[in-house]
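S.K.: A single structure is presented below for examination.
Laboratory data are not the source of any read-out in this text; all were calculated from the coordinates shown. What you are looking at is a predicted structure, and each value in this text was computed from that prediction instead of being measured. Note: ideal-geometry Cβ built from the backbone for every residue, glycine included; neighbour counts use all protein chains shown.
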Amino acid sequence: MVVSIHQPSTVTFNLFDKLLLMSQGRTHYFGSVEGVAAHYEALGYPMPVHVNPAEFLLELVNTDFAADRESAAQRLGQMQLAWAGSSKAAELAAAVAAVEEKGSGAVELDAVAHKPTLPSLVLTLLHRSFVKSYRDVVVYGIRLAMYTGESFLRICP
């Protein structure tokens, strides 16, 4: 599953298996969430202890709000070059080349080709509708009272 989340909470951030950190269209890190702190610490940017890691990384690779944009852009370029020259980037490039060489994608299309039947679609939509109405009882109660009153007004002249 691929997810793009802007500045997730620390709990959500730690649930991810892999992290792709990009800035200005260039990769700055790709790998495990556990390895991102060590990567940036090796570059001279240790992650503070009591700071949301996603917030720290966002501020680190974002030049839009920097006081000195020129030095921030220079720092960003150095971090991108450090990633491009890292062993993890080389391993990733080799893995991508191996998949391209085989001529088969890593994604299996069997799961995508399976389409649900009409009864299962109807049941799924009914279930979702029931859950939604169950969660918001007040709104549906008001609607029920409104439509009941409207029907009595139409019946009685």
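S.K.: When the helix-only estimate is applied to the chain (DSSP H runs of n ≥ 4, each -39,500 (n - 2.57), divided by the residue count), what is the mean residue ellipticity at 222 nm, nearest 500 deg cm²/dmol?
M.R.: The helix-only estimate for the chain comes to -19500 deg cm²/dmol at 222 nm.
S.K.: What is the local net charge at Val61, summed over the other residues whose Cβ is closer than 13 Å to its Cβ (Lys, Arg +1; Asp, Glu -1)? Intermediate results must be reported in sequence, preceding the final value.
M.R.: On the way: positive: Arg26, Arg75; negative: Glu55, Glu59, Asp64.
With Lys, Arg at +1 and Asp, Glu at -1, the neighbours total -1.
S.K.: If the cut-off is 26 Å between C-alpha atoms, which lysines fall inside it for Lys115, apart from same-chain ones fewer than 8 positions away?
M.R.: Partners within reach: Lys132.
S.K.: For the chain, set up a Gaussian network in which alpha carbons nearer than 10 Å are linked by springs, and say which option among Asp136, Asp68, Asp17 fluctuates the most.
M.R.: Judging by the Gaussian network model, the answer is Asp136.
S.K.: Under 25 Å Cα to Cα from Lys88, which lysines show up? Leave out anything in the same chain fewer than 8 places away.
M.R.: Reachable lysines: Lys18, Lys102.
S.K.: Hey, another quick one. Using Cα-only point scatterers and the Debye equation, what is log10 of I(q)/I(0) for the chain at each q in 0.08, 0.09, 0.12 Å⁻¹, rounded to two decimals?
M.R.: For the chain, the Cα-only Debye profile gives -0.49, -0.57, -0.77.
S.K.: Still on this structure: If contacts are Cα pairs under 8 angstrom and at least 6 residues apart, what is the relative contact order of the range 10-108 in percent? Spell out each step's value before the answer.
M.R.: On the way: 66 pairs, mean separation 22.8, N = 99.
Computed value for the range 10-108: 23 percent relative contact order.
S.K.: Out of Ser71, Ser23, Ser133, any idea which swings most in a Gaussian network model of the chain, alpha carbons joined below 10 Å?
M.R.: Ser133
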